[in-house]
Amino acid sequence: MPSKELRVGMIGYGFMGRAHSNAYKQVGQFFPSDYRVVLKAACARDAAKAKEFADQWGYESVETDWKKLIARPDIDAIDICTPNNLHKEIAITAAAAGKMILCEKPLAMNVAEGREMVAAVERAKVPNMVWYNYRRIPAVTLAKKLIEEGRLGKIFHYRAKFLQDWTINADLPQGGQGLWRLDVAAAGSGVSGDLLAHCIDTAVWLNGSVESISALTETFVKERKHNLTGKVEPVGIDDACIFMGKFSNGSLANFESTRYARGHKAQYTFEINGEKASLAWDLHDLHRLQMFDYKDEGKIRGWKSIHVTDNGGEHPYMDKWWVPGLAVGYDCSFTHQVADFITGLETGTPAGPTFRDALETQAVLDAILDSAKSHQWVQVAKG
Ligand SMILES: NC(=O)c1ccc[n+]([C@@H]2O[C@H](COP(=O)([O-])OP(=O)(O)OC[C@H]3O[C@@H](n4cnc5c(N)ncnc54)[C@H](O)[C@@H]3O)[C@@H](O)[C@H]2O)c1
């Protein structure tokens, strides 16, 4: 039986508010630990909507001001599920109040903000984590294990794509509920911070630091009506972004993201080519990891599709779920992240990515926008 409580204060009731709440509810059932997660309070500006969300997910109470939520002595951890422009202020206030912080990605609007956030959590010595959840899809975690075992040998290429198609309509407004992603003041950037951030986090985790990059961005629809002002305003985000680069280990990076790839809803893919083997993964088939191993016998050598559902300890996280052959989904990546966060509390070894880890992704994101603007190769800033 758990002997401790982890009392969560959730800020935001949107897509991620739901995904995280689901994870908090699942984690104790599938990943028993010393901690019992208590959904203490949900916070949003609209009291009625916050109450509806709290009732649906089982939060004990409601706040309409995140500062009041942070000030509450009965809350241990603040979960930041708001648009990107609020991450910094909330995180710094929460750190100063001694709260643990689980912050959505990207960490910040830019690396300067990110540095302030890292300084705040490290000064306050509070446990902290950023929700780069794709690391914890079992097939992606298995890729990490195979790379660490040296099965790929020297890595030559890392290529990743994250494709969507939901902003092609030029009549779609920008700003406000649901559409803050198109508003540079709320989002900081477009597909780079929203989608490529995930690809970069996974890449840095699997293949090490990105040293330098050359990027190209495009904004296909240059003006959109703004929901908050009612006026047609310039669009300040990148609608599409392509970059090439070099990792510290000498391998080459080739990344693309867009919201203009008609037919694609959320196609995140990566492929890694090493001297001994290659790996490939596709979010649309998330429980499979594709592998080509050159050491296989010649006449049967070829790409194999590993169904990452073994529960005998071979496949990450799967021993906690069902029986071999039965897959888990997108939602479980968040459950795994909470489980690892709790393990970090128990062992004293924090689960990544911490704010400091996520700062590295933020530095790559800044370098992308710098390079696209200057048309120059850009060195990625350190820490
Ligand atoms: N890890 C992932 O895969 C993933 C996926 C989607 C979004 N995200 C990130 O999660 C964050 C939220 O995205 P989302 O898709 O959930 O957005 P959303 O629009 O669905 O929800 C945002 C929530 O923030 C609330 N909010 C806004 N301003 C507020 C304020 N001042 N006080 C309290 N609440 C406020 C809104 O009411 C809403 O409930 C973003 O940083 C985004 O980049 C991460």
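The values are calculated or read from the model by the stated rules, or taken from the named source; none is laboratory data. Just so you know, these numbers come straight off a predicted model, no measurement behind them. As a convention, Cβ positions derive from the backbone with ideal geometry for all residues, glycine included, and neighbour counts pool all protein chains shown.
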Residues that are crowded, with 22+ Cβ neighbours inside 10 Å, closer than 30 Å to Pro127 by Cα and in contact with a Leu (Cβ under 7 Å, 6 or more places away or on another chain), drawn from the stretch 302-340: His315
Residue check for Asp238: touching a residue at least 60 places away in the same chain (Cβ under 8 Å), within 24 Å of Trp377 (Cβ to Cβ) and either assigned to a loop (DSSP other than H, G, I, E, B) or polar (S, T, N, Q) (or both): yes
For the stretch 92-106, which positions are outside any loop (DSSP other than H, G, I, E, B) and either assigned by TED's automatic domain parsing to the domain that holds Gly175 or under 23 Å from Val191 (Cα atoms) (or both)? Leu102, Cys103
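Please report, ordered by residue number, the strands (runs of 3 or more DSSP E) entirely within the stretch 140-234 with at least 3 residues that are within 19 Å of the chain's Cα centre (by Cα) and crowded, with 18+ Cβ neighbours inside 10 Å. Lay out the reasoning, then the answer.
Details: elements: 155-163, 210-218, 223-225, 232-234.
Qualifying strands (runs of 3 or more DSSP E): 155-163.
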Flagged in the stretch 270-287 as surrounded by fewer than 18 Cβ atoms within 10 Å (Cβ to Cβ) and under 20 Å from the mean Cα position of the chain (by Cα), in numbering order, are Glu271, Asp282, His284, Asp285
Checked pairs for the stretch 57-75, first assigned by TED's automatic domain parsing to the domain that holds Leu39 and part of a helix (DSSP H, G or I), second aliphatic (A, V, I, L, M) and within 11 Å of the ligand (Cβ to nearest atom), C-beta under 7 Å and 6 or more apart or across chains, list as Trp66/Ile11; Trp66/Ile90; Leu69/Ile11
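Do we find a residue being more than 16 Å from the ligand (Cβ to nearest atom), under 21 Å from Phe341 (Cβ atoms) and in a helix (DSSP H, G or I) anywhere in the stretch 15-25? It would help to see each step written out before you state the result.
Of the residues in the stretch 15-25, the ones more than 16 Å from the ligand (Cβ to nearest atom) are 25.
This time we only want the ones that are under 21 Å from Phe341 (Cβ atoms), so: 25.
Going one step further and asking which of them are in a helix (DSSP H, G or I), we end up with 25.
Taking every residue of the stretch 15-25 in turn, at least one turns out to be more than 16 Å from the ligand (Cβ to nearest atom), under 21 Å from Phe341 (Cβ atoms) and in a helix (DSSP H, G or I).
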Would you say Val126 is of a type outside the set (D, E, K, R), under 30 Å from Leu196 (Cβ atoms) and part of a helix (DSSP H, G or I)? no
Of all residues in the stretch 76-103, which are within 10 Å of the ligand (Cβ to nearest atom), buried (at least 24 other Cβ atoms within 10 Å of the Cβ) and either closer than 12 Å to Phe355 by Cα or without any contact (Cβ under 8 Å) to a residue 60 or more places away in the chain (or both)? His87, Cys103
Cβ pairs under 8 Å, 6+ apart or interchain, first in the stretch 364-375 and in contact (Cβ under 8 Å) with a residue 24 or more places away in the chain, second assigned to a helix (DSSP H, G or I) and among the β-branched types (Val, Ile, Thr), ordered by first then second residue, are Val364/Ile200; Val364/Val204; Leu365/Val111; Leu365/Ile200; Asp366/Val111
